[in-house]
Amino acid sequence: MSGVDAHGGSGVHPDGVEVLGEADIARALTRIAHEIVERNKGGSDLVVMGIPTRGVALAQRLAHRLASVDRSVDPQRVLGTLDVTMYRDDLHRQPPRTIGRTRVPEVGLDGKVVVLVDDVLFSGRTIRAALDALQDLGRPKAVQLAALVDRGHRELPIRPDYVGKNLPTSLSEKVRVHVREHDGHDGVTIVGQDQ
Amino acid sequence: MRHLLSTKDLSHEEAVLLLDTTAAMAATQGREIKKLPTLRGRTVVNLFFEDSTRTRISFETAAKRLSADVINFSAKGSSVSKGESLKDTALTLKAMGADAVVVRHHASGAPHFLAQPGLLDVPVINAGDGTHQHPTQALLDAFTLRRHLANTSANPGQVPGVDAGVGHDLAGRKIAIVGDVLHSRVARANVALLATLGAHVTLVAPPTLVPVGVHTWPCSVSYDFTSTLTQWQPDAVMMLRVQRERMSAAGGGFFPSPAEYSRQYGLDAARLQMLADHAIVLHPGPMNRGLEISAQAADSPRSVIVEQVANGVAARMAVLYLLLASEQTPATV
């Protein structure tokens with residue numbers, strides 16, 4: 001396989017070229033946590049909502065990092081999940097998707113700064129659906145977006161506030177995010193270019 | 001899954017998926033804004049050849065909560081009463097661009113007729129046909145059972161969360177279905193679905209109200225309600241409605257008198273006492289208080305009858321979502 005380092009990658013993985021390893025993901029989340037606290041001048045009004053499936057695991061880690069940056073943050077109280085399946089605009093093009101869970105944190109969403117967390121930002125349609133879903137749950141003061149990987153190819157005017165890594169890709173490639181909670185290990189790989 | 005015609009067609013996997021989707025839908029119904037944009041632009045036709053306000057309203061609510069447009073078609077006062085055939089009605093619906101048809105018909109098999117290839121080519125959902133099937137009722141019953149029986153140490157009267165039992169079936173649970181099994185599509189749909197989900201079912205009815213061929217069903221039969229309760233100790237008792245018109249000799253003479261039926265097969269205070277601590281009472285409604293179920297049983301903390309109605313909307317939302325959310329292109333195109 002060629003072009004291993006085209007994306008600053010660190011090696012060849014059985015299912016593609018690994019572009020972020022466990023330590024890279026940990027560092028990216030720590031940096032994002034600091035950026036969030038800095039930009040919002042503390043963490044008192046924050047709510048972290050993970051988008052299933054892998055966004056939930058990332059949101060959980062991010063909430064714990066926020067707590068270590070700002071002691072006023074209680075990771076369990078600010079953490080929620082936001083399932084967007086029923087708000088998608090491409091349902092009729094795909095086989096029925098299993099509906100996930102939405103859990104709004106105890107503190108609610110009204111007047112809070114909601115940080116949406118997803119693993120890969122691509123067309124922007126998931127985030128559009130997430131914004132619609134949030135609207136039905138409450139009225140946040142602001143909504144911000146954190147993505148572990150931004151691979152480009154936006155189809156909607158949506159832009160992330162916090163990015164773990166910008167990963168310019170071609171449409172023929174696939175970005176796979178693995179997290180310990182679901183896949184047994186951490187890592188981001190890129191597949192499809194030469195296969 | 002293209003249509004929902006009978007619970008017999010459902011595999012174990014599909015049945016659990018339907019119940020899990022029902023749980024997800026039920027979770028959205030606790031919110032301030034209950035409406036979801038999922039089926040925006042789709043049209044669901046409620047085709048009711050038989051009066052059933054409750055089922056129709058439940059389907060209508062489910063479709064509207066998913067943002068679908070709903071057309072209610074009642075046979076009364078329409079050209080059906082002037083002799084229009086079911087086939088012509090189907091072709092009219094097809095021409096109007098219906099995306100799904102919910103059908104209630106007095107003839108067993110009418111939904112199967114509409115679902116045959118080349119006629120409507122959209123999902124057909126059986127909302128009760130003759131004495132054959134009522135699959136969405138069975139789904140809402142199974143969902144209610146799973147929710148309450150997932151944790152049997154909970155107090156009766158305490159409503160468990162919608163997530164209770166998600167991902168699980170009803171393996172090993174014991175359910176008694178009591179009453180007019182002969183005329184009951186609810187009983188037939190429930191026996192098939194509960195057996196698929198791994199539950200043990202005992203039908204309890206007077207011999208005159210047990211259908212011929214019941215030995216081929218995946219269930220047991222008892223003629224003695226009291227001994228079933230004391231010896232078998234069911235986890236749930238599902239009472240069936242007795243149609244008043246079937247009580248008299250003119251209506252078929254299935255039992256001597258309402259009082260005698262009530263004494264033998266009614267769920268009264270004494271029988272309520274015989275139930276295990278965690279056991280619950282279901283009824284598809286509308287109830288004949290004082291006949292198959294006493295007011296005391298209907299209003300007891302064990303009764304989940306009102307909750308069944310709410311779960312009915314969620315179950316129908318799940319069915320509409322799974323059948324309609326993805327493109328249902330006809331095989332011929």
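Since every read-out is calculated from the coordinates, none of them should be taken as a lab result. Because the structure is predicted, anything quoted here is derived from the model rather than measured. Don't worry about glycine lacking a Cβ; one is built from the backbone with ideal geometry, like all the others, and counts go over all protein chains shown.
The orientation-averaged projection of the convex hull spanning the C-alpha atoms of the protein assembly as shown amounts to 28.6 square nanometres.
Think of each Lys and Arg Cβ as +1 and each Asp and Glu Cβ as -1; about the Cα centre, that makes the dipole of the protein assembly as shown roughly 940 debye. Compactness ratio for chain B: Cα radius of gyration over 2.2 N^0.38 Å (N = residue count) comes to 0.99.
Label sites at B:R31 and A:H153, each approximated as a point 7 angstrom past Cα along Cα to Cβ, lie 2.8 nm apart.
Between A:A147, A:A33, A:A67, the Gaussian network model of chain A with springs among Cα atoms under 10 angstrom shows the greatest mean-square fluctuation at A:A67.
Each Cα pair under 8 Å and six or more residues apart adds its sequence gap; the mean of these over the residue count of the stretch A:24-169 is a relative contact order of 25 percent. Given the Cα atoms of the stretch A:24-169, and with Rh set as the inverse mean 1/r over their pairs in the Kirkwood sense, what is Rg to Rh to two decimals? Taking Rg over the Kirkwood Rh, I get 0.95. Amide H contacts under 5 Å for B:V204: B:I177, B:V178, B:G179, B:S222, restricted to partners 5 or more places along the chain or on a different chain, H placed in the peptide plane at 1.01 Å from N. Inter-label distance, B:M96 to A:A26: 6.3 nm, where each label sits 7 Å from its Cα along the C-beta direction.
Summarised in one figure, the compactness ratio Rg/Rh of the stretch B:135-308, Cα atoms and Kirkwood Rh, is 0.94. Against the main long axis of the alpha-carbon atoms of chain B, helix B:135-149 sits at an angle near 50°. Listed values for the stretch B:227-239 are Karplus-derived 3J(HN,Hα) couplings in whole Hz (6.51 cos²θ - 1.76 cosθ + 1.60, θ = phi - 60°), namely 5, 4, 5, 6, 8, 8, 6, x, 7, 8, 10, 10, 8, and x replaces Gly and Pro.
Only helices enter this figure: runs of n ≥ 4 DSSP H residues, each worth -39500 (n - 2.57), summed and divided by the residues of chain B, yield -10000 deg cm²/dmol at 222 nm to the nearest 500.
Give me the percent of Cα-Cα pairs in the stretch B:177-225 that sit more than 15 Å apart, rounded to a whole number. For the stretch B:177-225, the fraction of Cα-Cα distances above 15 Å is 35 percent. Label-to-label distance, B:Q273 versus B:E13, with points set 7 angstrom from Cα along the beta-carbon direction: 5.0 nm.
DSSP beta bridges confined to chain B are antiparallel in about 5 percent of cases.
Computed over chain B, relative contact order equals 22 percent, with contacts defined as Cα pairs under 8 Å that lie 6+ residues apart.
For the stretch B:1-50, trypsin sites (Lys or Arg not before Pro) meeting the loop criterion (DSSP other than H, G, I, E, B) and having at most 16 other Cβ atoms within 10 Å: B:R2, B:R31, B:K34, B:K35, B:R40. Counting 0.36 nm for each residue step from B:D299 to B:D88 and taking away their Cα separation leaves a gain of 71.4 nm. Across the stretch B:196-212, computed HN-Hα scalar couplings (Karplus, 6.51 cos²θ - 1.76 cosθ + 1.60, θ = phi - 60°) run 4, 7, x, 8, 9, 10, 10, 8, 10, 6, x, x, 6, 10, 9, x, 5 Hz from first to last residue, x flagging Gly and Pro. Bridging of A:K41 to aspartates and glutamates at a Cα separation below 13 Å is possible for A:D70, once same-chain residues fewer than 8 apart are set aside.
Treating each Cα of the stretch B:234-310 as an identical point scatterer and summing with the Debye formula, the log10 of I(q)/I(0) at q = 0.12, 0.13, 0.18, 0.26 Å⁻¹ comes to -0.34, -0.39, -0.71, -1.22.
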